[in-house]
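Asker: Once you've had a glance at the structure underneath, I'll fire off some questions.
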Amino acid sequence: MPQIPPRKAEFFKALAHPVRIRVLEELGAGDETVGELRVALDLEQSHLSQHLGILRRAGFVTSRREGASVRYAIADERITDLLQIARQILLDTAAQAQRDLAAL
């Protein structure tokens, strides 16, 4: 399937910003409104909305209107798993680097 590598690149490109990672990690704990996310992440609403739009278009989050608010949720729980795996890989890599330095 030759089209898979470019799609994977686009998938990871959508994750390639610390704010979007923070948004997904926050939503991993449960659905939140834009206002709740803004407070939890201490971001300006326009900045947050821009990143939520990218995540929504990439299929990482879903949104639904609740009265005057918009509530966001993780679109697929495997996204949360992916972020947890990435975190563990980074922690393991850092721990190995510390062990390597200690062995010098």
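Just so it is clear, none of the values below were taken in a lab; they were calculated from the coordinates. Fair warning: this is a prediction, and the values are worked out from it, not measured in the lab. All Cβ positions, even for glycine, are placed from backbone atoms using ideal geometry, and neighbour counts span all protein chains on display.
Asker: Taking 0.36 nm per residue of separation and subtracting the Cα-Cα distance, what length does fully extending Ala94 through Ser46 add?
Answerer: Here the segment from Ala94 to Ser46 would lengthen by 13.8 nm.
Asker: Taking other Cβ within 10 Å of each residue's Cβ, how do Asp81, Asp42 sort, fewest first?
Answerer: Listed from fewest to most nearby Cβ atoms, that is Asp42, Asp81.
Asker: Tell me which of Leu104, Ala68, Ala29 sits at the most positive position along the dipole axis of the chain, charges placed on C-beta atoms (Lys, Arg +1; Asp, Glu -1).
Answerer: The residue sitting most towards the positive pole is Ala68.
Asker: If you don't mind, another one. What list do you get for Ile21, Ile54, Ile74 if you sort them by fewest beta carbons within 10 Å?
Answerer: Ile21, Ile54, Ile74
Asker: Summing -39500 (n - 2.57) over the DSSP H runs of n ≥ 4 in the chain and dividing by its residue number, what mean residue ellipticity at 222 nm do you reach, to the nearest 500 deg cm²/dmol?
Answerer: Helices in the chain give a 222 nm mean residue ellipticity of -21000 deg cm²/dmol.
Asker: Sorting Leu90, Leu104, Leu48, Leu83 on the 10 Å Cβ count, fewest up front, what's the list?
Answerer: Least to most surrounded, the residues fall as Leu104, Leu90, Leu83, Leu48.
Asker: Work the Kirkwood hydrodynamic radius out for the chain: mean of 1/r over every pair of different alpha-carbon atoms, inverted, in Å.
Answerer: 15.3 Å
Asker: Name the residues whose placed amide hydrogens come within less than 5 Å of the amide hydrogen of Val61, ignoring near sequence neighbours (fewer than 5 apart) on the same chain.
Answerer: Residues meeting the amide H criterion: Arg56, Ala75.
Asker: Right, next: If the chain between Ala103 and Glu25 were fully stretched, how many nm would it gain, using 0.36 nm times the residue separation less the Cα-Cα distance?
Answerer: Stretched fully, the Ala103-Glu25 segment lengthens by 24.6 nm.
Asker: At 0.36 nm per residue, minus the direct Cα-Cα distance, what do Ala9 and Thr33 gain on full extension? Give it in nm, one decimal, please.
Answerer: 5.8 nm
Asker: Next up: Charges only on Cβ, +1 for Lys and Arg, -1 for Asp and Glu: so what's the dipole of the chain about the Cα centre, in debye to the nearest 20?
Answerer: 420 debye
Asker: State, to one decimal in nm, how far the label point of Thr80 lies from the label point of Arg57, with both points 7 Å from Cα in the Cβ direction.
Answerer: Rounded to a tenth, the inter-label distance reads 2.7 nm.
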